[in-house]
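**Student:** Dropping the structure in here first, questions after.
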């Protein structure tokens, strides 16, 4: 039998943060998905384990198209993060290694696909 993922609205009055910046739901460390909505449209969805972001992180533009997608491990960005312009063109690609604050490379494009920035840590 598959476990059902618990999803909460991040703006629910039962949602809070503790002093360690961990997500609480009804006073308990939260495990599951936390969604943020604007005008009933989901704009953000993050996965939490024991109150800490841990898993897929996604954001959407107001029209429902994907805006951002990447993984977070123990509260820290990890691996590839992709971001898109509202027109669907790739806006940025960031790659994080396993160290905290570990941006290893970043490429940014304008909405027409032209490279604006291309940075790689030595």
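**Student:** Work out, in µm²/s and without decimals, the Stokes-Einstein translational diffusion coefficient of the chain at 37 °C, 0.692 mPa s, Rh from Kirkwood over C-alpha pairs.
**Tutor:** 208
**Student:** Oh, and also: Under 12 Å from the 7 Å Cα→Cβ point of residue 39, by amide nitrogen: which residues of the stretch 60-80?
**Tutor:** Label zone hits: 62-64.
**Student:** Right, next: Antiparallel DSSP bridges in the chain: what percent, to the nearest 5?
**Tutor:** 95
**Student:** Rounded, prolate or oblate: pick one for the stretch 64-122, where a ≥ b ≥ c are the square roots of the eigenvalues of its C-alpha gyration tensor, a/c under 1.5 means rounded, and failing that, prolate if a/b is larger than b/c, else oblate.
**Tutor:** oblate
**Student:** Further question: When a footprinting reagent is the concern and you count Cβ atoms within 10 Å, what order do 37, 48, 25 take, fewest first?
**Tutor:** Listed from fewest to most nearby Cβ atoms, that is 37, 25, 48.
**Student:** Using Cα pairs closer than 8 Å and at least 6 residues apart in sequence, work out the relative contact order for the stretch 37-120, in percent.
**Tutor:** 16
Laboratory data are not the source of any read-out in this text; all were calculated from the coordinates shown. On a predicted model such as this, the values are computed, not experimentally measured, just so you know. All Cβ positions, glycine included, derive from the backbone under ideal geometry; neighbour counts span all protein chains shown.
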